[in-house]
Amino acid sequence: MSIKIPDSLRREIASRAAFCCEYCRLPEQAAFFSFHVDHIISLRHGGKTELDNLAFACPICNRNKGTDLGTLSGNPPKLTRFFNPRIDHWSDHFYIEQTGEIISKTEVGEATLTFLDFNYPDAVIERKKLLLSGVLPV
Ligand SMILES: [Zn+2]
């Protein structure tokens with residue numbers, strides 16, 4: 001299900017996120033494609049098109065997350081929700097290594113970074129370059 005987000009709302013969401021993906025922290029200025037507005041709780045699951053349910057997301061995180069709210073994670077696997085940028089603090093769940101790899105600190109972080117594929121090889125290389133150039137804070 002797709003819905004048109006008004007330009008003014010999109011600008012507000014992007015500004016609130018400092019123009020970075022609220023999941024993997026990629027800055028929009030470093031991407032080849034414009035970012036998306038993600039429904040944290042998808043319309044399919046009853047989520048609303050309201051500021052408290054919207055996040056600024058790069059196309060890869062948005063595509064990988066889709067309408068999902070969580071996944072099976074851990075050993076033994078258990079249902080684990082995804083990181084929610086409206087209620088969680090990024091640094092409570094993740095940190096970035098100098099190598100460019102995002103590391104999880106929590107089960108929520110692990111479920112999110114695995115399912116959204118934060119550390120696919122090109123992303124790690126790009127993140128490392130952004131760290132070295134000072135565009136991305138550690
Ligand atoms: Zn992302």
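List of remarks:
- When only Cα pairs below 8 angstrom with a gap of at least 6 residues are kept, segment 1-63 shows a relative contact order of 36 percent.
- Sequence of L51, L69, L113 once ranked by neighbouring C-beta atoms within 10 Å, starting from the fewest: L51, L69, L113
- Loop-resident sites, segment 11-59, for chymotrypsin sites (Phe, Trp or Tyr not before Pro), counting at most 11 other Cβ within 10 Å (DSSP): F32, F33
- Given charges at Cβ of Lys, Arg, Asp, Glu: segment 7-133 dipole, positive-most of L26, G47, T106: G47
- Helical runs (DSSP H, four residues minimum) scored at -39500 (n - 2.57) apiece and divided by the length of the chain put the mean residue ellipticity at 222 nm at -8500 deg cm²/dmol.
- Taking the empirical scaling 2.2 N^0.38 Å for compact globular proteins as reference, the chain has a Cα radius of gyration ratio of 1.01.
- Filtered trypsin sites (Lys or Arg not before Pro), segment 9-79: DSSP coil and at most 13 other beta carbons within 10 Å: K48
No lab work stands behind these numbers, since they all come straight from the coordinates. Everything numeric here is computed off the predicted structure, so don't read it as measured data. A quick note on method: Cβ atoms are made from the backbone with ideal geometry, for glycine too, and the neighbour counts reach across all protein chains shown.
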